[in-house]
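Peer 1: Got a structure for you, questions after.
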Amino acid sequence: MKKLLLLCLFIVGSGKLTKAQDFYIAEEKIALTTEEKKKIEQQYKQLINDTVRFSKNYWRELRRKLHLINQVLKEKKIPDFFQYTALLHQSFLWEAYPEVWQNAQKQTDIIAEKHWYWLSFQVAEKLIVQYNTTKNWRLVLEKNFTQRKDLLLICAYSLVMTSYEADFQQDTILLLPYFPPAEYLDLADIAQAFSLPIANLQYYNDWLRTDVFPTSHHYPILLPMPTYSPNGQIVTGISLQKQYIQTDTLGKKFIYHYVQAGEYLYAIARKYQVEVAQIEQWNNINRNNVLQIGQMLRIEITIAIEEEETTTTIHVVKQGENLYNIARFYGVSIAQICEWNEIDLGGSFVLQQDRELVIHAKEFKPSQTTVKTNTIQTKAAPLYLVPETLHFLGLDFSLSKEVRHDIQQYVNFIWESPAFIRANLPRIKMHIDYVKAILQQEEMPLDFMYLPLLESSLRPDAVSSAYAVGYWQFKSEAAGEVGLLMNYGIDERKHLKKSTLGAIRYLNRSYLYTESWIFSLISYNLGFRGAKEFFEYYYVDYQRLFKAGKVILLDTRTHVYLKKLIAYKIAFEKALAETPTEYLLSTYETKGKTLQQVANEVDNTLYMLSEHNRWLPNGYVPNDKWYEVMILVEKY
């Protein structure tokens, strides 16, 4: 049931409405006169344009809170229009409900009128009692807000908050309720456990009289959870759904395309290499319909698993090339190229110059000026086979045929150049053994040791197109948030030990809240909000599903990041176990010295130290405190 429907078109944040609005609550239209609609429009303009009292940051903070309030209402099956009634008085949220407000002020252990999330439950209970009497949500609204001016202002607030929804989707903080276990006594304990600034926790939990939690009642703490992944990515809403190819109950693969400004059916059909008539059939529309911005269109795609002999070609993207002309050149579909290279099919077709694309073409003879090739036969026996069952991240999995195929493709691709991989195995093993030791010490799942191999090939100087840096691929904002130092003389994103501990803080934060290492892994790729939306979209009860004690089926819903990490484990686990190493990585505490001086002290060459201490760009250990320099020690 649609609990709120705003039939309006407006330019976000501009204060200019292009059409009068109708407001619905539980699918019942709120009766408004023409003059009242004009009044709502005027109030909306005043609110959106009064940047002195109501800055963009002010609305962003309210949007954060309303997101959590709406979750309470949704859980209680209350129309989400009621979330905007919390804004009616500017001093405190929910002040417009006198009875609830008065009861809150009687609380002595906390400043209850500031705990707007706790108050949400009190208001919800009151609204449910009223609904059980009237069986009409519009009457419940009118009972609580008898003055017409209040109702009009609530409608205006709903427009303002809706206009900032797009900004909220890219917000860097997601507020979450958290009931701390008994061993957490104050905000400092939570700040340390979740690697969050205590100042942020104090800001969102100003309802506490002190930082120490009250013992008389168990109140939820509000966690300001960062939404971005270590590489700075925030995947939410429409962009999240565009990324994933889905399969319906009939086995048909499809993707949702969300109409952008200026798009029309012919352009969309050409983009996906389908006919306009097909889009009309899949969506029960005709070409005379006007497409709306944000309208969702189903696009069916075909990605065949070829059984016949094919040639794998590595195509290097040239200037001016895009997915459309590359697909035509090789005689394959855009969907196939996206599937082979994990490209967002719903995104831009523009490709970064010099990017390498895997192409599986039949009987194709490439031009020497266009591609470089590394030809293999797909029928050749894989070096490492993907099993039907697998123990990974502490869980037992059963792999569907489709997932096994995908993972096998990744494994085969990793080992396309066996000589190159084998030459690098000693270096990889030396790094992975060190990471493994840290994971053991921190009581983390050991399968995470393959994650920096996936992210950076365990190269300290690895830099992504988004400027994520180092072994674990941190952008500066995310790196600083988990305690990594970055300045003129230091970049701990390139320090194997420090960056590994930073990654553990990030992974552990998601696990503490969800108790799921699978969720934690996906959040490393999508960010916390992106992972939350992904699992809520594809799994009904993911928090119970991904628990130990039962075999979990990995089917077509499985996120590509999980499949890739499994592939890296299969591709390297046995090979690394059979690889001898001459040296072990260790650390040496020092300060105020050059790497040459350190090399003399630990009997390493300068070259050896420089290779493993790229975090010191000037070759000098600062003198302000003791630092751990990575060194090599003989294994025997």
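Peer 1: Under the definition of Cα pairs under 8 Å and six or more residues apart, what whole-number percent is the relative contact order of the stretch 42-160?
Peer 2: Numbers: 91 pairs, mean separation 34.2, N = 119.
About 29 percent, as a whole number.
Peer 1: Once ligands and nucleic acids are excluded and a 1.4 Å probe is used, how much of E28 is accessible, expressed in Å² to the nearest 10?
Peer 2: Spelled out: E28, probe radius 1.4 Å, area about 60 Å².
Peer 1: Mind listing the long-range amide H neighbours of D186? Cut-off is under 5 Å, sequence gap 5 or more, other chains count too, H placed in the peptide plane at 1.01 Å from N.
Peer 2: Counting only residues 5 or more places away or on other chains, the set is F213.
Peer 1: If you average the sequence gap of Cα pairs under 8 Å that are 6 or more apart and divide by the length of the stretch 64-109, what percent do you get for the contact order?
Peer 2: Values: 25 pairs, mean separation 9.0, N = 46.
RCO, the stretch 64-109: 19 percent.
Peer 1: With a cut-off of 8 Å between alpha carbons and a minimum separation of six or more residues, what is the relative contact order of the stretch 106-225 in percent?
Peer 2: Details: 85 pairs, mean separation 44.3, N = 120.
Computed over the stretch 106-225, the figure is 37 percent.
Peer 1: Please list Y511, Y204 from largest to smallest accessible area, probe radius 1.4 Å, with all protein chains kept in place.
Peer 2: Numbers: Y511 65, Y204 15 Å².
From most exposed to least exposed: Y511, Y204.
Peer 1: Next question. What translational diffusion coefficient, to the nearest whole µm²/s, does the stretch 476-583 have by Stokes-Einstein, given a Kirkwood radius computed over alpha-carbon pairs, a temperature of 10 °C and 1.306 mPa s viscosity?
Peer 2: 99
Peer 1: Further question: Tabulate in residue order the Karplus-calculated ³J(HN,Hα) for the stretch 193-209, using 6.51 cos²θ - 1.76 cosθ + 1.60 with θ = phi - 60°, rounded to whole Hz; enter x for Gly and Pro.
Peer 2: Going residue by residue, I get 5, 9, 6, 10, x, 5, 4, 5, 5, 5, 5, 8, 10, 6, 6, 6, 6 Hz, with x marking Gly and Pro.
Peer 1: Using a Debye calculation, one point per C-alpha and no hydration shell, please list log10 I(q)/I(0) for the stretch 405-563 at q = 0.14 Å⁻¹ in order.
Peer 2: Log10 of I(q)/I(0), two decimals: -0.79.
Peer 1: Separate question: With +1 assigned to the C-beta of every Lys and Arg and -1 to the C-beta of every Asp and Glu, and no other charges, what is the dipole magnitude of the stretch 483-594 about the Cα centre in debye, to the nearest 20? Don't skip to the end; give the middle numbers.
Peer 2: Working: 18 positive and 11 negative charges, 38 e Å.
Computed about the Cα centre, the dipole is about 180 debye.
Peer 1: Can you tell me which of 433-441, 51-59, 599-607 comes out highest on packing, and rank the rest after it, using the mean Cβ neighbours within 10 Å?
Peer 2: Values: 433-441: 17.4, 51-59: 11.7, 599-607: 14.3.
The packing order, highest mean first, is 433-441, 599-607, 51-59.
Peer 1: On to the next question. Restrict the search to the stretch 401-475; then list the GluC sites (Glu not before Pro) that DSSP places in a loop and that have at most 16 other Cβ atoms within 10 Å of their Cβ. Before the final figure, lay out each step's value.
Peer 2: Details: sites: E402, E416, E442, E443, E455; in loops: E416, E442, E443.
Those satisfying the criteria are E416, E442, E443.
Peer 1: Next question, about the same structure. Would you rank R298, R505 by solvent-accessible area, highest first, keeping every protein chain in place and using a 1.4 Å probe?
Peer 2: R505, R298
Peer 1: Explain nothing, just the number: dipole magnitude of the stretch 91-134 about its Cα centre with +1 on each Lys and Arg Cβ and -1 on each Asp and Glu Cβ, in debye rounded to the nearest 20. If you can, show how the numbers build up before the last one.
Peer 2: Details: 3 positive and 5 negative charges, 5 e Å.
Result for the stretch 91-134 is approximately 20 debye, rounded to the nearest 20.
Peer 1: Starting from the stretch 520-599, pick out the GluC sites (Glu not before Pro) whose DSSP state is loop and whose Cβ has at most 13 other Cβ atoms within 10 Å.
Peer 2: Values: sites: E533, E536, E573, E578, E582, E589; in loops: E578, E582.
When the GluC sites (Glu not before Pro) of the stretch 520-599 are filtered for loop state and at most 13 Cβ neighbours within 10 Å, E578, E582 remain.
Peer 1: Shifting gears a bit: Nearest 20 debye, what's the magnitude of the dipole of the stretch 113-188 about its Cα centre given +1 on Lys and Arg Cβ and -1 on Asp and Glu Cβ?
Peer 2: On the way: 7 positive and 9 negative charges, 130 e Å.
In total the dipole reaches around 620 debye.
Peer 1: Sticking with this structure for a sec: Pulled fully out, how much extra length does the chain show between D150 and A188, if you take 0.36 nm times their separation in residues and subtract their Cα-Cα distance?
Peer 2: Details: separation 38, 0.36 × 38 = 13.68 nm, distance 4.09 nm.
Between D150 and A188, full extension yields 9.6 nm more.
Peer 1: If you average 1/r over every pair of different alpha-carbon atoms in the stretch 118-205 and take one over that average, what Kirkwood value in Å do you get?
Peer 2: Values: mean 1/r = 0.0593 Å⁻¹.
Roughly 16.9 Å, rounded to one decimal.
Peer 1: GluC sites (Glu not before Pro) within the stretch 464-502: which are DSSP loop residues with at most 13 other Cβ atoms inside 10 Å? List each step's numbers first, then the result.
Peer 2: Values: sites: E477, E481, E492; in loops: none.
Passing both the DSSP loop test and the Cβ count: no residue.
The values are calculated or read from the model by the stated rules, or taken from the named source; none is laboratory data. Keep in mind it's a predicted model, so treat the numbers as computed, not measured. Methodologically, a virtual Cβ is constructed for each residue, glycine included, from the backbone with ideal geometry; neighbour enumeration extends over all protein chains shown. Accessible surface areas use protein heavy atoms only, side chains included; no ligands, DNA or RNA. Shrake-Rupley method; radii C 1.70, N 1.55, O 1.52, S 1.80 Å.
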